[in-house]
Amino acid sequence: MAKRIDVSGLSAYYGSHRAIDDISMTVEPRSVTAFIGPSGCGKSTFLRTLNRMHEVTPGGRVEGKVLLDDENLYASNVDPVAVRRTVGMVFQRPNPFPTMSIFDNVAAGLRLNSRYGKKELADVVEKSLKGANLWNEVKDRLNKPGSGLSGGQQQRLCIARAIAVEPEVLLMDEPCSALDPISTLAIEDLIGELKERFTIVIVTHNMQQAARVSDRTAFFNLAAVGQPGKLIEIDETERIFSNPSVQATEDYISGRFG
Ligand SMILES: Nc1ncnc2c1ncn2[C@@H]1O[C@H](COP(=O)(O)OP(=O)(O)OP(=O)(O)O)[C@@H](O)[C@H]1O
Ligand SMILES: [Mg+2]
C-alpha cells in the first residue's frame, strides 16, 4: 500500500506542442502534495501523466519516467489499465455514472473483478462509502440513482468509487471547484483522513486549500503563453507559503502574479 512516486525528466506533448517540460520530483507515501500555478501551466496534464491518462488524448505523448516504488509505469510491459487501477483519479466535476444507482456507482470498478461475491461486494461498498464520509447520508437509498445526490455528495460518491478498488495513489484535479464551502470543507477533512492510507496529489487554485490540506506544495509556471509549463519549486507547504526559494512563487502566492 501507499507507494512512493518518483518522476524524472518528464515532458508531455499534445501533438507537437510540449505542454510540460522536464519535470522531476518525488512524492512520499501517505502524504498530500498540492500542485499550484496559473491556468495553462500544465498541472492537469502532469497529473494525468501519473496514471497514464494523458496518452488517451489524441496526440498525447509522454517522455521520461514515472516510478511507483521501483516500477516504471511507462515500461513497455506495463498495462496502462492496471496502472489506472493502482493510481485512481477524481475529477473537477463530479462524474457519477448517471443511470447507475449509488450502490452500483461504487461497485462499478469491483464488478470487473470476479473475486467478489454478493456479500463481499456489499461490504466493500459500505466500507468505501464510510471511507468517503457519505454512508450516513445514503445508506437508506443505495438503489437510487447517483445523479440524484447534491454536488458535494456526488463528489464524495466519486471518491468512494475511486477508493473502492483500493488504489495506492489518489489523484484529484480541483476536486472542490464545483462545490460550496461546506462541501469543500467536508472533502478537505476527508483528504486528511484518506492520507493515512493513500498517497494523494491534489491540484487546486485555492491557496488556503493548498495550505490547509497539503504536506508539500509544488509550484508550476510558464515563461509565456505557448511555452511549456515547468516545475519551479517543490517544498514543505509551510515553507512555500512563508518563505519560498523563488521570487515567482512568492509573487504567485501573494497574488502579485501576471
Ligand atoms: N486536449 C488538449 N489538446 C491540446 N492542448 C491541450 C489539451 N489539453 C491541454 N492542452 C494545453 O496544454 C497546456 C496545459 O494545459 P493544462 O490543462 O494541463 O493546464 P492547467 O495548469 O491544468 O490549467 P488550469 O489551471 O486552467 O486547469 C495548455 O497550453 C493547454 O492549452
Ligand atoms: Mg487543470
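Brief remarks follow.
- What the Cβ-Cβ distance of residue 16 and residue 111 gives, at R0 = 25 Å and to the nearest 0.05, is a FRET efficiency of 0.05.
- Theoretical gain in end-to-end length, residue 223 to residue 242 [0.36 nm per residue, Cα-Cα removed]: 4.5 nm
- Helix 102-111 axis, angle to the chain major axis (alpha carbon atoms, nearest 10°): 80
- Tensor-based shape of the stretch 1-143 (alpha-carbon gyration tensor, a/c under 1.5 rounded, otherwise prolate or oblate): prolate
- Counting only protein heavy atoms and a probe of 1.4 Å, the accessible surface of the chain is 49% carbon and sulfur.
- Sites listed here are chymotrypsin sites (Phe, Trp or Tyr not before Pro) in the stretch 152-258 whose DSSP assignment is loop and whose Cβ has at most 15 other Cβ atoms within 10 Å: 257.
- A straight line joining the Cα centroids of the stretch 182-230 and the stretch 1-50 runs 12 Å.
- Exposure rank, largest accessible area first [79, 215; 1.4 Å]: 79, 215
- Under the criterion of Cα pairs below 8 Å and six or more residues apart, the relative contact order for the chain equals 27 percent.
- Helix-only arithmetic for the chain: the sum of -39500 (n - 2.57) across DSSP H runs with n ≥ 4, divided by the residue total, places the mean residue ellipticity at 222 nm at -10000 deg cm²/dmol.
- By DSSP, the beta bridges lying fully in the chain are antiparallel in about 60 percent of cases.
- Residue-normalised accessible area of the chain, expressed per residue, 1.4 Å probe, Å²: 46
- Relative to the longest principal axis of the Cα atoms of the chain, helix 118-131 runs at roughly 50 degrees.
The values are calculated or read from the model by the stated rules, or taken from the named source; none is laboratory data. Nothing here was measured: the structure is a model prediction, and the numbers come from that model. Cβ sites come from the backbone with ideal geometry, for glycine too, and all protein chains shown count toward neighbours. Side chains included, ligands, DNA and RNA excluded: accessible areas come from the protein's heavy atoms. Shrake-Rupley method; radii C 1.70, N 1.55, O 1.52, S 1.80 Å.
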